[in-house]
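Read through the structure below, which is laid out as structure tokens, and then see the notes.
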Amino acid sequence: MKNTVEIRWHGRGGQGAKSAALMLADAAFMTGKHVQGFPEYGPERMGAPITAYNRISENPIRVHSNIYDPDYVVVVDETLLESVDVTAGLNPEGAIVINTTKSADEVKPYLKDYQGRVYTLDAREISEKCLGRYFPNSPMLAAIAAISKVMTKEDFFREMEGSYRHKFAKKPEVVEGNLAALRMAYEEVE
Amino acid sequence: MAIRERLSGNEAISYAIKQVNPDVMPAFPITPSTEIPQYVANYIANGEMDTDFIPVESEHSSMSATIGASAAGARALTATSSCGLALMWEELYVAASNRLPLALCLVNRALSGPININCDHSDSMGARDTGFIQIYAENNQEVYDNFIQAYRISEHKDVRLPIMICQDGFITSHAVENIELLEDDKVKGFVGEYEPENYLLNADQPMALGPYAVSNYYMETKMAQNTAMQNAKQVILDVGKEFGEMSGRSYGFFEEYRLEDADYAFVIIGSAAGTSKDAVDKLREEGMKVGLLKLRVFRPFPDIEIAKALSNCKSVAIMDRSESFRSKGGPLGAEVKAALYDYAKDVTAFNLIYGLGGRDFTVEEAEDIFRELAGYAEEGKAFREYRYVGLRGEGFTEPRTHKGL
Amino acid sequence: MAATDISRITEKSEWQDLTVGNQIYGSGTSKAFHTGEWRTQTPVFASDKCKQCLLCVPVCPDSSIPVVDCKRQDFDYDHCKGCGICARVCPFDAISMKEGQ
């Protein structure tokens with residue numbers, strides 16, 4: 001793993017991309033890393049395109065700019081492919097993961113000749129199967145953890161379980177569903 | 001043993017507030033406020049602190065109520081941002097001239113208009129002449145540490161001035177980063193109890209506060225205020241050193257980053273200092289002697305100290321995140337240049353504007369400016385002063401060369 | 001204890017001799033300030049005409065009509081500024097205004 005891994009999230013307001021970025025930062029923090037998780041703030045509206053970022057490093061992080069040359073990109077909503085240049089600056093050694101029912105080959109025409117790895121994941125299907133509702137952020141979080149390898153699989157699941165048990169202390173029934181969604185997504189792209 | 005955590009800047013300062021547990025916090029808890037009153041109100045509701053929280057109807061009222069609480073003898077604070085600070089304006093002077101040691105947690109954001117919610121220093125820079133002490137932070141750690149030091153500075157008997165603890169809107173306030181927290185008892189021991197000598201609720205010693213002061217008294221009052229601000233310099237240094245002995249993180253007026261032998265340097269405030277440090281490291285690897293002065297304390301202004309720290313530089317770029325509309329840069333530029341004029345005339349200083357309204361400032365942009373400083377000094381190239389970094393199109397700029405006038 | 005005896009502060013005091021934030025220690029300090037010196041007209045109390053209705057007492061802006069045992073006394077000329085409101089409200093012509101102190 002290179003010293004600092006940079007991840008850019010593209011989503012729409014209300015889909016939980018910012019929360020997912022913060023959860024990834026949380027999990028990485030728990031494994032001893034230095035982390036940054038921050039959204040790019042604009043008008044806060046449900047459905048408006050939003051961007052969030054992660055830096056994960058072995059060393060303290062001082063840079064406070066946005067991320068222009070990410071190692072990884074997560075697209076939480078495939079409709080953004082038509083309006084946002086999601087692969088801008090993306091490291092060809094890295095990867096992009098997109099929430100879609102399409103295959104990697106089917107989405108490639110939208111990715112401006114991006115030469116790196118392309119993963120697709122049907123987060124809707126996973127979420128609805130495991131949670132009964134559409135929350136794409138958990139499956140996408142697991143996918144980027146699996147692809148970026150910013151932490152081991154064991155660490156990721158241990159920390160996420162702890163985090164969900166804390167977050168849903170009053171709704172323990174939600175914990176299992178979320179963990180199942182994580183597992184299904186992780187194993188699909190692994 | 002420090003507590004390893006990850007918090008946003010807003011969470012970090014709220015945690016410090018919880019640990020200090022002041023007596024009264026009036027705040028206007030909606031836009032353009034910050035998350036700080038929300039977090040503090042949560043701590044209070046959960047019984048983790050017993051500060052009296054007063055929801056008021058505006059920021060003018062929140063500062064008024066903070067003044068009232070402080071005058072009554074309470075350790076008081078409020079929090080705001082942007083236009084909220086603007087609405088407090090009148091009361092900021094009242095707090096300072098009445099010599100009330102209260103704290104204001106500020107999240108630096110642009111003032112309207114155009115409407116913008118992002119990071120910009122024009123809110124606090126506009127309030128630089130109100131008589132508040134102003135301390136700025138690069139990241140969540142520093143804003144946490146600065147708040148823990150705030151009352152020790154503000155309440156000191158030689159100072160007794162209100163204090164503004166500033167952090168960069170969104171970039172620091174909303175970004176989750178690693179932080180080291182101190183144990184509650186350490187914080188409480190460091191900050192201590194507030195024991196004002198005179199206060200309105202002291203029935204044994206009646207007093208009046210805020211009298212009319214005619215011309216015969218006004219200037220003398222201002223000199224007393226000014227002297228208190230000067231006294232704050234030593235207190236800030238003492239408290240920063242003592243904080244370092246407790247936490248391992250010492251603080252002064254500014255941080256000098258690889259500045260000692262630097263030919264070219266930045267003077268910069270806030271989160272962009274961290275970004276610029278990465279540029280310094282990259283250029284140092286190429287053999288360029290570059291460094292950085294990150295200003296922490298803007299009021300009182302450490303002019304001699306800044307001039308001394310920069311005195312061996314060939315040229316410096318003073319970076320303002322605030323416009324002053326004098327067509328000659330921003331407030332930091334004006335004050336640092338005045339300091340250099342008085343104490344270090346040989347240093348060539350340029351002033352640039354960056355990051356207004358949250359415009360991103362990158363490592364690459366910082367590198368380019370360092371290279372331009374070197375180009376001016378070594379190759380006689382013009383330096384495009386006063387320009388906006390990252391502006392689309394040329395805009396107003398004044399290319400300066402060695403020719404002078 | 002108060003930091004400074006404010007009676008020692010005058011318009012000749014140097015800046016460092018003012019109290020912090022111009023705070024005034026002690027209560028009722030306005031008693032020592034004889035605003036009666038500003039008077040250009042003076043109310044004169046005719047006790048023989050006074051019915052002790054006390055209408056004059058609450059209207060005095062400077063609390064310069066002392067009351068003892070429910071009876072008004074003569075004016076507190078140290079603080080009366082001579083505004084004449086008392087003379088206006090008196091139904092019994094017991095207060096008249098004269099020129100000067």
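The values are calculated or read from the model by the stated rules, or taken from the named source; none is laboratory data. Please read all numbers here as calculations on a predicted model, not as lab measurements. Heads up, the Cβs are rebuilt from the backbone with ideal geometry, glycines too, and the neighbour counts pull from every protein chain shown.
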Check whether at least one residue in the range C:29-41 is exposed (fewer than 14 other Cβ atoms within 10 Å of the Cβ), of a type in the set (D, E, K, R) and within 14 Å of another protein chain (Cβ to nearest Cβ), and report yes or no. yes
For the range A:156-186, how many residues meet the condition of being of a type outside the set (A, V, I, L, M), modelled with pLDDT of 95 or more and either closer than 15 Å to A:SER127 by Cβ or over 20 Å from the mean Cα position of the chain (by Cα) (or both)? 2
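So that you can scan it fast, the table gives a plain yes or no per residue for (1) in a loop (DSSP other than H, G, I, E, B); (2) within 14 Å of another protein chain (Cβ to nearest Cβ); (3) closer than 16 Å to A:ALA143 by Cα:
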residue	(1), (2), (3)
A:TRP9	no, yes, yes
A:PRO60	yes, yes, no
A:TYR68	yes, yes, no
A:VAL74	no, no, yes
A:LEU80	no, no, no
A:VAL84	yes, no, no
A:THR87	yes, no, no
A:GLU93	yes, no, no
A:ILE96	no, no, yes
Yes or no: C:ILE65 closer than 30 Å to B:GLY210 by Cβ, free of Cβ contacts under 8 Å to residues at least 60 places away in the same chain and β-branched (Val, Ile, Thr)? yes
Lone qualifier among B:ALA16, B:ALA2, B:ALA12 - being under 22 Å from B:LEU182 (Cβ atoms) and buried (at least 24 other Cβ atoms within 10 Å of the Cβ): B:ALA12
Hey, could you check the range B:358-371 for residues that are in a loop (DSSP other than H, G, I, E, B) and of a type outside the set (Asp, Glu) and say which is nearest to the other protein chains (Cβ to nearest Cβ)? B:THR362
I'd like to check something: does the range B:256-272 contain any residue that is farther than 25 Å from B:CYS119 by Cβ, outside any helix (DSSP H, G or I), in contact (Cβ under 8 Å) with a residue 60 or more places away in the chain and in contact with a strand residue (DSSP E or B) (Cβ under 6 Å, 6 or more places away or on another chain)? yes
In the range B:156-173, anything over 17 Å from the mean Cα position of the chain (by Cα) and either of a type in the set (A, V, I, L, M, F, W, C) or within 11 Å of chain A (Cβ to nearest Cβ) (or both) is listed as B:VAL159
Scan the range B:150-170 for residues that are in contact with a helix residue (DSSP H, G or I) (Cβ under 8 Å, 6 or more places away or on another chain) and either outside the structural domain of B:PRO22 (by TED's automatic domain parsing) or assigned to a loop (DSSP other than H, G, I, E, B) (or both) and jot them down. B:HIS156, B:ASP158, B:VAL159, B:ARG160, B:LEU161, B:PRO162, B:GLY169, B:PHE170
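To keep it simple, each residue is scored yes or no on (1) of a type in the set (S, T, N, Q); (2) assigned to a strand (DSSP E or B).
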residue	(1), (2)
B:ASN351	yes, yes
B:LEU373	no, no
B:ARG384	no, yes
B:GLY390	no, no
B:GLU394	no, no
Assuming A:SER103 fulfils every condition listed in (1) farther than 16 Å from B:HIS174 by Cα; (2) surrounded by fewer than 18 Cβ atoms within 10 Å (Cβ to Cβ); (3) within 11 Å of another protein chain (Cβ to nearest Cβ); (4) not β-branched (Val, Ile, Thr) apart from one, which condition is it? (3)
Being over 20 Å from A:ALA52 (Cβ atoms), of a type in the set (A, V, I, L, M, F, W, C) and out of contact with any helix residue (DSSP H, G or I) (no Cβ under 7 Å at 6 or more places or on another chain) narrows A:VAL107, A:VAL84, A:VAL174 down to just A:VAL174
Could you grab me the full set of residues in the range C:1-23 that are modelled with pLDDT of 90 or more and not in a loop (DSSP other than H, G, I, E, B)? C:TRP15, C:GLN16, C:ASP17, C:VAL20, C:GLY21, C:ASN22
From (1) in contact (Cβ under 8 Å) with a residue 60 or more places away in the chain; (2) away from chain C (no Cβ under 14 Å), pick out the condition that doesn't hold for B:ASP185. (1)
